[in-house]
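The values are calculated or read from the model by the stated rules, or taken from the named source; none is laboratory data. Values in this document were obtained by computation on a predicted structure and should not be read as measured data. Neighbour counts are summed over all protein chains in view; Cβ atoms, including those assigned to glycine, are modelled from backbone coordinates with ideal geometry.
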Amino acid sequence: VFLVEADYCLTPLPDLSLEGIAVDTVRMSTSRGNVILGFHFRRARAARTLLFSHGNSTDIGIMFHHLRDLCATLQVDVFAYEYSGYGESSGVPSEQDLYADIDAAYRYLTHDKGIPEDQIVCYGQSVGSVPSIDLASRVRVGGVILHSALKSGLGVIHDVKASYWFDVFQNVTKIRRAQAPVFVIHGTHDAEVPFEHGVALHEACPVELAFDPWWVKEAGHNDIEINNRALYFEYLSRFLCALDSHDRTFERRGMGDDMDAASSV
């Protein structure tokens, strides 16, 4: 059940009509009985939709202006949803609810809005990588962006080389089943989810689907898009353009310095 509403915790929502952007607030029921909310940023003739899964210490209200920037700068639609137990969504956060939440968002986009699966690009930031990777391992999507992603929940607590059956968030195992191109972004000085997590995820991707990663020199967990804003949008744009052209490798011109510097870490 999908219900489009006029407002959310931001009252009133900023008017983005002069930027050519409309924003719907969507209320969705999940398979686990919770009601979650989402923002759908829409612009005319957008060729792709980012399905955005946010990090742990935020919500879609806090992320509103960043989501607007993604929509405006990349000229894509953006759908961001609120996890169960976050913001005004009902329920209690859990791993299984994360999967049910993104399933509800995916159903809204594909069934209610009629968006083709291959036009949906999953964007998972930090813990948002968990539902993004899970979805991409099960259904068809057009691409996956992993921003400061974790290889597993146990791996964040301490360095664990193997994936155990009792580990939560087994991203590094699931990413091997990805069916769409994957772009990994990670700061080399990330103190919350160490750089090695990004490397492990990139190396676990099917070779034919692994785009050149962006290892951001001296960046931490939450500052990549702040301190490297121009490059951030440039690399995202290149990834989306590469999807359009079916080019599975980034053009090296203009990227070498950052890539070479990070590769020595």
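Numbers at a glance
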{"item": "Sole exception among (1) modelled with pLDDT under 95; (2) assigned to a helix (DSSP H, G or I) for Gly87, by number", "result": "(2)"}
{"item": "Selection count where residues are among the hydroxyl-bearing types (Ser, Thr, Tyr) and modelled with pLDDT under 95, scope the range 215-265", "result": "4"}
{"item": "Among residues of the range 90-112, those that are of a type in the set (Phe, Trp, Tyr) and either out of contact with any Gly (no Cβ under 8 Å at 6 or more places or on another chain) or assigned to a strand (DSSP E or B) (or both), counted", "result": "2"}
{"item": "Conditions (1) of a type in the set (Phe, Trp, Tyr); (2) modelled with pLDDT of 90 or more; (3) within 16 Å of the chain's Cα centre (by Cα); number of the one not met by Phe195", "result": "(3)"}
{"item": "Tabulated pairs, the range 199-211, first within 14 Å of Gln179 (Cβ to Cβ), second assigned to a loop (DSSP other than H, G, I, E, B) and of a type outside the set (Ser, Thr, Tyr), C-beta under 7 angstrom, 6+ apart or interchain", "result": "Cys205/Ala178; Pro206/Ala178; Glu208/Arg248; Leu209/Ala178; Leu209/Ala180; Leu209/Pro181"}
{"item": "Subset of the range 52-67 that is of a type in the set (Ser, Thr, Tyr) and assigned to a loop (DSSP other than H, G, I, E, B) - its residue that is farthest from His40 (Cα to Cα)", "result": "Ser57"}
{"item": "Pairs where the first residue, in the range 85-110, is among the polar types (S, T, N, Q) and surrounded by fewer than 22 Cβ atoms within 10 Å (Cβ to Cβ) and the second is in a helix (DSSP H, G or I) and at pLDDT 95 or above, C-beta under 9 Å, 6+ apart", "result": "Thr110/Glu117"}
{"item": "Filter pass, Arg68 being surrounded by fewer than 18 Cβ atoms within 10 Å (Cβ to Cβ) and of a type in the set (Lys, Arg)", "result": "no"}
